[in-house]
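Okay, so here's the structure we're looking at.
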Amino acid sequence: MPEYLLESVAGVKQIEFFEIKNPCLGICENGPRGYCLGCFRSRDERQYWGQLEPDVKFQIIKACAQRKRRVQSKRRVGIAGDDPVLQDDLF
């Protein structure tokens, strides 16, 4: 398992009262950068999800949200490689 998945925040573990649910949406298809097009996790993040500590899962969830925002902003600007944004015809 990659070391970055095992690191905890500043060496302090926080007690979680609720299980952090798996963010899988069932799409499970890799995009051009290797992240899932549904949940935006890397292959390692998906593979080792069940073995990770809650604080690491929380970091992954935050990273996924950032990846999703980045993809959405590129789509709005129209610079995403395979997913061009088309303007609706005005007439």
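The values are calculated or read from the model by the stated rules, or taken from the named source; none is laboratory data. Just so it is clear, the structure is predicted and the values come from calculations on it, not from any experiment. Ideal geometry is used to build each Cβ from the backbone, glycine not excepted, and the neighbour counts take in all protein chains shown.
The residue list 34, 26 contains one member that is small (Gly, Ala, Ser), touching a helix residue (DSSP H, G or I) at 6+ places or on another chain (Cβ under 7 Å), modelled with pLDDT of 90 or more and in a loop (DSSP other than H, G, I, E, B), which is 34.
Matching residues to (1) free of Cβ contacts under 8 Å to residues at least 40 places away in the same chain; (2) among the hydrophobic types (A, V, I, L, M, F, W, C); (3) surrounded by 11 or more Cβ atoms within 10 Å (Cβ to Cβ):
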| position | (1), (2), (3) |
| --- | --- |
| 26 | yes, no, no |
| 30 | yes, no, yes |
| 34 | yes, no, no |
| 39 | yes, yes, yes |
| 43 | yes, no, yes |
| 51 | no, no, no |
| 56 | no, yes, yes |
| 64 | no, yes, yes |
| 67 | yes, no, yes |
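Checked against (1) at pLDDT below 60; (2) loosely packed, with under 12 Cβ neighbours inside 10 Å, residue 77 meets all criteria but (1). Checking region 39-54 against the condition returns a match, with at least one residue being modelled with pLDDT of 90 or more, among the basic types (Lys, Arg) and in contact with a strand residue (DSSP E or B) (Cβ under 9 Å, 6 or more places away or on another chain).
The set of residues in region 10-22 that are part of a loop (DSSP other than H, G, I, E, B) and either modelled with pLDDT under 90 or touching a Lys or Arg at 6+ places or on another chain (Cβ under 7 Å) (or both) comprises 12, 13, 14, 15, 16, 17, 18, 19, 20.
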